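Asker: Following this message is one structure expressed as structure tokens.
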Amino acid sequence: MVGIESADSPPRGPGHLLGGRPVGSIALGGAGMSLSAERDDCVSITAIRAAADGGIVLFDTARAYTTVDAEAHNEGLFAEALGSREDVVIATKGGHFRIDKSTWGIDGSPEAIRADCERSLRRLRRERIELYFLHHPDPTVPLAESVGELNQLRSEGKVAHIGLSNVTIEQLESVQDVATVAAVENRFPATEAPKDGMAEHCASHGIVYLGYSPLSGVMAGLRAGRFPKLAEVAARLSVSPQRVTIAWLLACRPDVLPIVGASRPESVADSARAADLALTAQDLVRLSTELLAATPRIRIATEKADTARRMETS
Ligand SMILES: NC(=O)c1ccc[n+]([C@@H]2O[C@H](COP(=O)([O-])OP(=O)(O)OC[C@H]3O[C@@H](n4cnc5c(N)ncnc54)[C@H](OP(=O)(O)O)[C@@H]3O)[C@@H](O)[C@H]2O)c1
């Protein structure tokens with residue numbers, strides 16, 4: 001953790017830069033809008049538009065975030081909601097796809113990546129994808145081959161920036177001579193603060209580090225009544241504990257751009273305002289003590305809750 005002893009959290013600037021372009025300090029992820037059993041496309045489209053109107057720049061989708069009956073459902077929502085707006089960056093991913101209710105597959109072959117990217121271009125109704133990720137390294141395909149194809153797509157102008165998701169530092173370094181990787185998207189629950197050094201590595205190499213599932217441990221902990229200090233700070237400031245958590249994460253980890261997932265417009269609007277919530281140095285320290293100390297218990301609770309949720313939605 002950095003910057004928590006010295007001062008109150010400062011007002012936010014333009015946030016992270018993707019190839020020199022400001023992309024803000026919070027991204028919106030759309031997986032829940034397709035994978036949740038309670039999905040409502042009209043509500044989701046309203047939520048995405050409200051996020052863009054409220055200043056969110058970076059939106060995260062993927063081929064794999066789809067319903068069993070509608071291929072690329074999630075990309076379709078973003079296409080519908082954002083049209084040809086140029087003030088947003090849509091990040092999408094290939095090489096990972098849904099097979100049936102409970103099974104996803106990985107195919108990182110150059111042919112599959114090209115086909116996925118071209119499908120995404122059609123679905124998003126764009127001539128170029130600003131940020132295109134390999135969703136997961138394929139253990140049966142050398143990573144350099146997958147990334148080589150991404151680089152080829154970039155040189156053809158179909159992709160502006162290349163990203164890798166669910167990778168290790170070793171994997172990232174292994175392809176540094178193959179292509180310039182502009183972003184990494186890995187799991188970063190705020191309460192776990194993963195210690196693999198990836199966020200720090202990205203910061204020192206000018207790579208945007210997107211942290212997904214930032215609230216997962218917090219949601220489970222709140223449900224179990226395990227965060228009294230977080231609840232107290234939220235009540236005192238009359239804001240949601242989720243907003244406080246994201247503000248805390250932004251203050252403590254400027255090297256992480258959290259992708260907050262939300263399906264309701266209220267959640268989106270609430271979380272987006274976390275960038276403007278200044279917490280005192282004292283609150284930051286108290287929250288760090290509580291949220292990070294709870295990690296082992298919360299991780300178990302989170303894994304159980306995530307498993308239950310997957311079973312519910314499959
Ligand atoms: N690259 C990968 O392999 C990968 C894997 C997983 C996820 N992701 C990306 O990361 C995104 C986020 O992941 P996630 O959905 O697991 O994570 P999350 O942000 O940790 O949690 C989402 C949950 O938080 C709730 N929430 C968010 N803001 C809230 C607020 N202000 N007040 C109350 N509740 C709030 C949402 O509620 P509602 O839905 O009710 O609004 C939803 O239930 C995904 O959408 C996806 O884009 C990437």
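The values are calculated or read from the model by the stated rules, or taken from the named source; none is laboratory data. Computed from a prediction, not measured in an experiment: that's the story for all the values here. So basically every Cβ, Gly included, is an ideal-geometry build from the backbone, and we count neighbours across all protein chains shown. Just the protein is used for accessible areas: all its heavy atoms, side chains included, with ligands, DNA and RNA removed. Shrake-Rupley method; radii C 1.70, N 1.55, O 1.52, S 1.80 Å.
Asker: Starting from region 15-84, pick out the GluC sites (Glu not before Pro) whose DSSP state is loop and whose Cβ has at most 14 other Cβ atoms within 10 Å. Numbers along the way, then the final one.
Answerer: Numbers: sites: GLU38, GLU71, GLU75, GLU80; in loops: GLU38, GLU71.
Here the GluC sites (Glu not before Pro) that fit, given the DSSP loop and packing criteria, are GLU38, GLU71.
Asker: Rounded, prolate or oblate: which fits region 232-277 when a ≥ b ≥ c are the square roots of the eigenvalues of the alpha-carbon gyration tensor, with rounded for a/c under 1.5 and prolate only if a/b beats b/c?
Answerer: Verdict is oblate for region 232-277.
Asker: Continuing with the same structure: Given contacts defined as C-alpha pairs under 8 Å and at least six residues apart, what's the relative contact order of region 233-280, whole-number percent? Walk me through the intermediate numbers first.
Answerer: Values: 30 pairs, mean separation 22.4, N = 48.
Relative contact order comes out at 47 percent.
Asker: Highest mean first, what order results for 160-166, 247-253 on Cβ atoms within 10 Å? Working shown, then result.
Answerer: Working: 160-166: 21.4, 247-253: 25.0.
Sorting 160-166, 247-253 by mean packing, highest first, produces 247-253, 160-166.
Asker: Continuing with this model, one more query. Could you tell me which GluC sites (Glu not before Pro) in region 85-120 are loop residues by DSSP with no more than 14 other beta carbons within 10 angstrom of their beta carbon? Present the calculation step by step, with values, prior to reporting the outcome.
Answerer: Working: sites: GLU86, GLU111, GLU118; in loops: GLU86.
Within region 85-120, the qualifying GluC sites (Glu not before Pro) (loop, at most 14 other Cβ atoms within 10 Å) are GLU86.
Asker: Now, a different point. Given 0.36 nm per residue, what is the gain on full extension from ILE99 to GLU118 after removing their alpha carbon distance, in nm? Please list the in-between numbers first.
Answerer: Working: separation 19, 0.36 × 19 = 6.84 nm, distance 1.93 nm.
My answer for the length gained is 4.9 nm.
Asker: Give the total of Lys-Lys pairs in the chain with Cα-Cα distances below 28 Å; include a pair only if its members are 8 or more places apart or on different chains.
Answerer: On the way: LYS93/LYS101; LYS93/LYS158; LYS93/LYS195; LYS93/LYS304; LYS101/LYS304; LYS195/LYS229; LYS195/LYS304; LYS229/LYS304.
Lysine pairs satisfying the spacing and distance rule in the chain number 8.
Asker: Okay, next question. Length gain on complete extension for the stretch LYS195 to LEU17, per 0.36 nm per residue less the alpha carbon to alpha carbon distance?
Answerer: Values: separation 178, 0.36 × 178 = 64.08 nm, distance 2.32 nm.
So the extension gain works out to 61.8 nm.
Asker: How would you classify region 49-165 from its alpha-carbon gyration tensor, with a ≥ b ≥ c the square roots of the eigenvalues: rounded for a/c under 1.5, else prolate if a/b is greater than b/c, otherwise oblate?
Answerer: Working: a/c = 2.05, a/b = 1.29, b/c = 1.58.
Since a/c reaches 1.5 but b/c is at least a/b, the shape of region 49-165 is classed as oblate.
Asker: Looking at the chain, what % of its DSSP beta bridges pair antiparallel, to the nearest 5? Please list the in-between numbers first.
Answerer: Numbers: 6 of 36 bridges.
In the chain, DSSP labels about 15 percent of beta bridges as antiparallel.
Asker: Share of region 1-143's accessible area from carbon and sulfur, percent, 1.4 Å? Don't skip to the end; give the middle numbers.
Answerer: Numbers: 3320 of 6340 Å².
For region 1-143, the apolar C and S fraction of the accessible surface comes to 52 percent.
Asker: At a threshold of 8 angstrom on Cα-Cα distance, excluding pairs fewer than six apart, so keeping six or more, what relative contact order does region 88-147 reach in percent?
Answerer: On the way: 79 pairs, mean separation 26.8, N = 60.
Relative contact order, region 88-147: 45 percent.
Asker: Another question, if that's okay. Out of residues 5 or more away from ILE129 or on other chains, whose amide H comes under 5 Å of its own, with H placed 1.01 Å from N in the peptide plane?
Answerer: VAL159, ALA160
Asker: Separate question: Expressed in nm to one decimal, what extension gain is obtained for the pair GLN171 and GLU71 from 0.36 nm per residue of sequence separation less their Cα-Cα distance?
Answerer: 33.0 nm
Asker: Roughly how many whole Å is it from the C-alpha centroid of region 17-69 to that of region 226-256?
Answerer: Cα centroid of region 17-69 versus Cα centroid of region 226-256: 22 Å apart.
Asker: I would also like to ask the following. For the chain, what relative contact order do you get, as a whole percent, if you take Cα pairs closer than 8 Å and at least 6 residues apart? List each step's numbers first, then the result.
Answerer: Values: 602 pairs, mean separation 68.6, N = 314.
Here the relative contact order equals 22 percent.
Asker: Between LYS229 and GLU156, what's the calculated FRET efficiency when r is the beta-carbon distance and R0 is 51 Å? Round to 0.05.
Answerer: Plugging the Cβ-Cβ distance into 1/(1 + (r/R0)^6) gives 0.50.
Asker: For the chain, just run the numbers: alpha carbon Rg, then divide by 2.2 N^0.38 Å, N being how many residues it has.
Answerer: Numbers: Rg = 18.7 Å, N = 314, 2.2 N^0.38 = 19.6 Å.
Against the compact-globule rule of thumb, the ratio is 0.96.
Asker: Using the heavy atoms of the protein chains alone and a 1.4 angstrom probe, what is the accessible area of region 64-175 per residue in square angstrom? Intermediate values should be presented prior to the final figure.
Answerer: Details: 4730 Å² over 112 residues.
I get 42 Å² per residue for region 64-175.
Asker: Classify region 209-289 as rounded, prolate or oblate from the Cα gyration tensor: take a ≥ b ≥ c as the square roots of its eigenvalues, call it rounded if a/c is under 1.5, otherwise prolate when a/b beats b/c and oblate if not. Before the final figure, lay out the partial values.
Answerer: On the way: a/c = 1.34, a/b = 1.14, b/c = 1.18.
Rounded, because the longest to shortest axis ratio a/c is under 1.5.
Asker: Add -39500 (n - 2.57) for each DSSP H run of 4 or more in the chain, then divide by its residues: what number comes out at 222 nm, to the nearest 500 deg cm²/dmol?
Answerer: Working: 13 runs with 139 residues, N = 314.
For the chain, the value works out to -13500 deg cm²/dmol.
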